[in-house]
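The values are calculated or read from the model by the stated rules, or taken from the named source; none is laboratory data. From a predicted model like this one, the values you see are computed outputs, not experimental measurements. Ideal geometry is used to build each Cβ from the backbone, glycine not excepted, and the neighbour counts take in all protein chains shown. Protein only, heavy atoms only, side chains kept; ligands, DNA and RNA dropped before computing areas. Shrake-Rupley method; radii C 1.70, N 1.55, O 1.52, S 1.80 Å.
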Amino acid sequence: MSTYCNSVICAVGPLGPELSPIKLISHGIHSCLFLQRDEDGSSVRGTLSFDPTPDAQVLYKAMKGLGTDEQAIIDVLTKRSNAQRQKIARSFKEQFGKDLIASLKSELSGKFERLIIALMYPPFKYDAKELHDALKGLGTSEGVIIEILASRTKVQIKEIIKAYKEEYGSNLEEDIKSDTSGYFERILVCLLQGERDDPRCYVDSAMVLQDAQALYAAGEKIRGTDEIQFITILCTRSATHLLRVFDEYQKLASKSLEDSIQSETHGSLEDAMLAIVKCTRNIHSYFAERLYHALKGAGTCDGTLIRVIVSRSEIDLNLIKAEFLKIAGKSLSTMILEDTSGDYKTALLNLCGSDK
């Protein structure tokens with residue numbers, strides 16, 4: 001474990017009535033119950049009568065000769081699960097001796113190409129690619145790194161670290177350390193340790209109060225801020241525990257922890273802390289907010305739009321869409337229709353599914 005994250009993990013105690021399993025589900029938090037795939041949350045489920053051979057043939061025909069049949073590519077790849085797409089890629093290679101991703105890249109371009117290629121990566125490799133691009137591009141894309149590390153589970157983070165090493169031959173933690181600094185570096189490295197998951201769903205009430213008092217003492221009660229105390233508690237406690245801490249903090253400070261974070265910190269550190277709190281309270285609302293800010297105003301943040309829709313389409317995108325409607329006052333599909341065009345728009349709408 002990193003030296004940044006060597007504090008005590010939350011102790012075991014009885015689960016209070018205010019955090020019953022029903023309430024945990026309603027929060028959408030990623031401790032015990034959130035880790036499971038939401039039965040009604042996925043907008044892409046693949047096809048039941050699946051055979052990769054004809055799908056690979058359709059794709060080959062769509063890219064053969066002059067011109068490209070983009071609609072055929074959309075019809076196949078947006079209506080198959082990621083596992084099915086991997087089988088299609090293998091069948092494509094076996095039948096035609098070509099790499100499917102390389103073929104798609106040679107035929108497509110722009111945002112549509114970016115979306116289709118994103119669909120072809122296995123989930124952990126896709127997250128690893130997004131992190132690598134965020135770290136190794138021109139400047140560091142802090143928002144991408146925060147989004148991925150704050151929202152993924154311990155198991156997912158371990159797999160992402162492994163995929164990053166396999167794909168790029170370097171250590172993700174070391175790359176983060178070389179591209180970031182200060183407390184922001186510390187919170188990212190701490191998140192990489194994946195200490196927030198606690199499948200037992202038990203909370204020690206005494207430790208909840210202790211953590212709430214420690215956070216209050218580290219921020220509102222003193223001049224300046226003890227950032228390490230905030231980082232330690234937010235990054236090493238389970239979501240069930242943190243929800244109780246948030247409630248106790250509100251009683252002590254007469255304001256939400258989010259309000260205190262905004263007044264006590266700034267920049268990327270503030271963004272990272274707020275992302276952890278939001279993902280703990282309601283991860284579907286967090287992603288809905290990410291999508292809303294990607295679409296609203298002049299221009300579209302296509303990187304965020306593609307990443308969230310692709311990475312959540314088989315997990316909880318339908319639940320994110322419900323939260324999006326509350327935030328935006330209109331459906332995700334409506335805003336995509338307004339802000340995008342062409343094959344890119346068609347593919348995004350297919351992945352989002354119906355608004356019903």
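Per-structure values
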| quantity | calculated |
| --- | --- |
| Count of the range 155-190 residues which are open to solvent by 70 Å² or more (accessible area, probe 1.4 Å) and closer than 16 Å to Thr236 by Cα | 4 |
| Per-region count, the range 77-100, residues among the hydrophobic types (A, V, I, L, M, F, W, C) and within 18 Å of Ser311 (Cα to Cα) | 2 |
| Criterion violated by Lys111 - all others in (1) open to solvent by 40 Å² or more (accessible area, probe 1.4 Å); (2) not in a helix (DSSP H, G or I) satisfied | (2) |
| Tally of residues being free of Cβ contacts under 8 Å to residues at least 60 places away in the same chain and either more than 14 Å from Asp355 (Cα to Cα) or touching a strand residue (DSSP E or B) at 6+ places or on another chain (Cβ under 9 Å) (or both) across the range 313-327 | 1 |
| Lone unmet requirement of (1) surrounded by fewer than 18 Cβ atoms within 10 Å (Cβ to Cβ); (2) closer than 19 Å to Thr78 by Cβ; (3) touching a Phe, Trp or Tyr at 6+ places or on another chain (Cβ under 9 Å) for Ser354 | (3) |
| Residue in the range 222-230 that is closer than 16 Å to Leu274 by Cα, open to solvent by less than 20 Å² (accessible area, probe 1.4 Å) and not aliphatic (A, V, I, L, M) present | yes |
| Unmet requirement for Lys64, which otherwise passes all of (1) out of contact with any Phe, Trp or Tyr (no Cβ under 9 Å at 6 or more places or on another chain); (2) surrounded by 13 or more Cβ atoms within 10 Å (Cβ to Cβ); (3) closer than 20 Å to Ser311 by Cβ | (3) |
| Number of the condition not met by Arg80 [criteria: (1) open to solvent by 60 Å² or more (accessible area, probe 1.4 Å); (2) under 24 Å from Gly303 (Cα atoms); (3) in contact (Cβ under 8 Å) with a residue 24 or more places away in the chain] | (1) |
| Filter pass, Leu305 being more than 30 Å from Leu209 (Cα to Cα), assigned to a helix (DSSP H, G or I) and open to solvent by 40 Å² or more (accessible area, probe 1.4 Å) | no |
| Out of Asp99, Asp75, Asp127, sole residue that is touching a helix residue (DSSP H, G or I) at 6+ places or on another chain (Cβ under 6 Å) and acidic (Asp, Glu) | Asp127 |
